[in-house]
Ligand SMILES: C[S@@+](CC[C@H](N)C(=O)[O-])C[C@H]1O[C@@H](n2cnc3c(N)ncnc32)[C@H](O)[C@@H]1O
């Protein structure tokens, strides 16, 4: 880590300002392109120049002096870029610039530069600059590539729309209400309309929001985001989930939500654990539903964060039907269900042309000690059956599938704590899997996968967290 103090990020207006670039290679051409876009009056001094620099010179977009630079070139410049591949030449220009009181950047020496050029993600007037104070420019470029993928293209249009309304909002709303108004617009349904390409609807909605802003700001109803948090690995969250996690001001979460995921919720958001791990319910379902309605009515943005996908054995449908009845706005964000997450991380494809032409998700949750399932259907070959909440009922399931026709050596596997650093895989058959499981201490969430695809883990297994034993399939 550099021991110097950190740099100060600034965006400089350079339109009409004189800027000197010493050097005519590719690095110089890249900088010059950005300088020309910023409207700078660029002078290049270099004995030879890249073809793009020559073309800009011919098009009179810069002035090129075809010679080596000297100290007098820095006179009257606002910024100097020393971008030759000659260390001594760069040092001489930097010394001359400093002597003349002009800020200088050297291509060959970040510490010897007065300013650095960040990697930039640009969306019209919106710019995100990433810099590492010269310690790891490649890391800054990698991050830029990630942001390019993550920041929707339409953010530029959103920024343009906001710019067009800025003055009207300033005139209509007192300063105390403006930040909250813009937060609602730029991070709510109006922004989503822009992202979906519905610009004229977004404008209408913005006009309406502005008309009603003063009254709405007081008695505003909040909204609820029913969000799937995926099976455990935070990298498996969707972009939208992450965005809403950072917007919410209160989060209601289940026991299955990993701490690493909860850490991604806005630091100021209130956190309410509403529980639900098999029979250890923290809050009854009706109370959770009522709490969401009450919080949203109080104007809060409520994040209902559930494990996996909220519509797969998650009671998500019940929760939002209460909201719909109460007239509370909501949106649902799918998550990666444990079935897909565990299958992928265990190297078990849920379908396969040769072994499984369909996949069924079933609950193994016992009701009064029994399981009422369509065993005839589940015991057919040529398919994969994934049982959720099936640890307690494992012996019943394995016995029933054999009774209804599957062979005793039909493959079956348990994935425990799937997709996390604690993931364990127990591979066996319908005959021996219950005994294998009984020998282990299992307290994490566990998924049962039944079908011939299970065998593929031997060749396709790729995720082996450090310290976790190889799949138990031999004993
Ligand atoms: C109430 S269900 C919720 C399912 C969730 N909505 C989903 O789509 O994954 C809880 C069950 O999901 C399964 N499960 C969830 N996360 C898991 C994980 N990381 N590893 C294994 N099984 C998991 C277990 O069978 C657990 O008992």
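Values quoted throughout were computed directly from the atomic coordinates according to the rules given, and no laboratory measurement underlies them. What you see is a predicted model, and the numbers here were worked out from it, not measured in a lab. Note that each Cβ is placed from the backbone with ideal geometry, even for glycine, and that neighbours are counted across all protein chains shown.
Restricting the calculation to Cα atoms, the range 56-189 shows an Rg/Rh of 1.13 when the hydrodynamic-style radius is the Kirkwood one. The order of 398, 342, going from fewest to most other C-beta atoms within 10 Å of their C-beta, is 398, 342.
Size of the range 18-117: Rg and Dmax of its alpha carbons, in Å, are 12.0, 35.
Spatially, the range 407-475 and the range 62-82 are offset by 68 Å when compared through their Cα centroids. How much of the pair distance distribution for the range 339-460 lies past 22 Å, counting alpha-carbon pairs only, in percent? Here the tail beyond 22 Å accounts for 25 percent of pairs.
Relative to the longest principal Cα axis of the chain, at what angle does helix 175-186 sit, 0 to 90 degrees, rounded to 10? With both axes taken from Cα atoms, the answer is about 60 degrees. Sequence-distant contacts, meaning Cα pairs under 8 Å at least 6 residues apart, place the relative contact order of the chain at 9 percent. Our estimate of slack between residue 26 and residue 246, defined as 0.36 nm per intervening residue step minus the Cα-Cα distance, is 75.2 nm.
Spatially, the range 309-378 and the range 151-196 are offset by 37 Å when compared through their Cα centroids. Between helix 87-99 and the chain there is an angle of about 70 degrees, using the helix long axis and the longest principal axis of the Cα atoms. Backbone N atoms of the range 120-152 closer than 13 Å to the 7 Å Cα→Cβ label point of residue 267 are not found in any residue. Here the Debye sum runs over all C-alpha atoms of the chain as equal scatterers in vacuum, and log10 of I(q)/I(0) at q = 0.07, 0.14 Å⁻¹ comes out as -0.59, -1.22. Volume per residue of the convex hull around the Cα atoms, evaluated for the range 20-73, comes out as 67 Å³. For the pair residue 117 and residue 365, a Förster radius of 60 Å applied to the C-beta separation gives a FRET efficiency near 0.55, rounded to the nearest 0.05.
Using the Cβ-Cβ distance between residue 33 and residue 195 with R0 set to 25 Å, the FRET efficiency from 1/(1 + (r/R0)^6) comes to roughly 0.30.
At a Förster distance of 41 Å, what's the computed FRET efficiency of residue 91 paired with residue 422, Cβ-Cβ distance as r, to 0.05? Rounded to the nearest 0.05, the efficiency is 0.15. Stretched out straight at 0.36 nm per residue, the stretch from residue 124 to residue 442 would grow longer than its current Cα-Cα span by 109.2 nm. Taking 0.36 nm per residue of separation and subtracting the Cα-Cα distance, full extension of the segment from residue 144 to residue 407 would add 89.3 nm. Running Debye on the range 223-333 with equal point scatterers at the Cα sites and no solvent, what base-10 log of I(q)/I(0) appears at q = 0.12, 0.13, 0.15 Å⁻¹? Cα-only, vacuum Debye calculation for the range 223-333: -0.34, -0.40, -0.55.
Which percent, nearest 5, of DSSP beta bridges in the chain are antiparallel? Don't skip to the end; give the middle numbers.
Values: 23 of 65 bridges.
The antiparallel proportion sits near 35 percent.
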